[in-house]
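Every number in this text was worked out from the coordinates using simple rules, so none of it is lab data. Keep in mind it's a predicted model, so treat the numbers as computed, not measured. Here Cβ is always computed from backbone atoms with ideal geometry, including for glycine, and neighbour counts include all displayed protein chains.
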Amino acid sequence: MSLTIEDLRFAYGTNRVLRGMSISTLRGGTVVGLLGPNAAGKSTLVKTIAGIHRADGGRAVVRLGERVPRGAELRRTVGYVPQDLPTSASLTAFETILVAGRRAGTWRMTDEVLEAAGAVLELMGIAHLASRYVAELSGGQRQLVAVAQMLVREPRVMLLDEPTSALDLRHQVELLQIVRRQVARTDSLGVVAIHDLNLAARYCDELVVLADGVAHAQGAPAEVLVPDVLERVYGLRARVLDDGGVPVVCPVHQD
């Protein structure tokens with residue numbers, strides 16, 4: 001399976017956010033990190049791919065082999081994790097995962113469904129939160145529940161919008177490891193909008209650096225996280241060290 005972004009455009013009213021975004025084909029079995037400064041277009045891109053925003057130009061194309069899924073099949077194929085899980089519904093963490101599974105359109109409420117929801121809670125390390133109301137959870141706990149909601153559907157394309165933003169370092173690492181394992185197990189595609197350059201370098205197979213609504217660089221972490229790109233996109237002077245083939249970005253102190 002694959003995802004291609006071709007000349008994608010989107011605006012909030014008169015505020016043009018995606019300005020002809022094009023990204024070379026992303027393939028199943030890989031985790032792709034979307035990097036870039038604030039207002040680069042990361043979240044808007046993820047929401048547009050997910051179908052939450054409707055592009056006013058260009059297209060995002062998901063392919064399953066030679067087939068391009070549409071309608072209900074496309075909605076089953078693409079999973080989306082927002083930055084924060086809404087807290088308006090009076091549901092427990094376990095119930096929200098059951099609802100997510102049923103919305104996939106393939107499950108009835110059976111023992112198999114209940115077991116799958118329980119297994120995802122265990123996988124995410126949040127089984128102890130199963131009976132807690134989502135509204136009572138911390139921001140980080142809600143993020144983990146949101147990821148569990150997506151995983152229980154087993155989509156072929158997983159879109160995660162800054163899923164580590166409210167997590168401590170250990171949970172950030174654990175979450176990215178879970179995404180990597182899921183991608184490897186199902187040959188799916190993981191697309192993660194993330195700010196931490198060093199976590200992205202360590203846990204993503206490919207990086208795309210965005211700024212001003214377009215893609216400025218795309219490739220393996222060692223190809224993308226180089227001083228020239230960092231200064232051009234972030235305005236950041238940095239040294240890039242090598243940790244066993246993984247680039248480590250070290251900002252240069254400036255008086």
Response to the item:
Classified through the alpha carbon gyration tensor (a ≥ b ≥ c as square roots of its eigenvalues; rounded if a/c is under 1.5, else prolate when a/b is larger than b/c, else oblate), the stretch 202-254 comes out oblate
Worksheet item: Which of Ala93, Ala201, Ala116 moves the most in a Gaussian network model of the chain with Cα springs under 10 Å?
Response: Ala116
Discussion item. Compute the orientation-averaged projected area for the stretch 86-178 from the convex hull of its Cα atoms and round it to one decimal in nm².
Written reply: 5.9
Worksheet entry | Share, in percent, of DSSP beta bridges within the chain that are antiparallel, nearest 5 | 60
Response to the item:
When Cys204, Cys250 are arranged by how many other beta-carbons sit within 10 Å of their Cβ, fewest first, they go Cys250, Cys204
Worksheet entry | Kirkwood estimate for the stretch 184-223, i.e. one over the average of 1/r between Cα atoms, Å | 11.2
Worksheet entry | Equivalent ellipsoid, the chain (semi-axes from 5 times Cα gyration tensor eigenvalues, Å) | 30, 22, 17
Discussion item. Just want the ordering: Val99, Val226, Val209, from fewest to most Cβ atoms lying within 10 Å of their own Cβ.
Written reply: Val99, Val226, Val209
Worksheet item: Going by how many other beta carbons lie within 10 Å of each one, how would you line up Asp212, Asp228, Asp196, fewest first?
Response: Asp228, Asp212, Asp196
Fill in: Within the chain, helix-based [θ] at 222 nm, where runs of 4 or more DSSP H residues each add -39,500 (n - 2.57), nearest 500
-10500 deg cm²/dmol
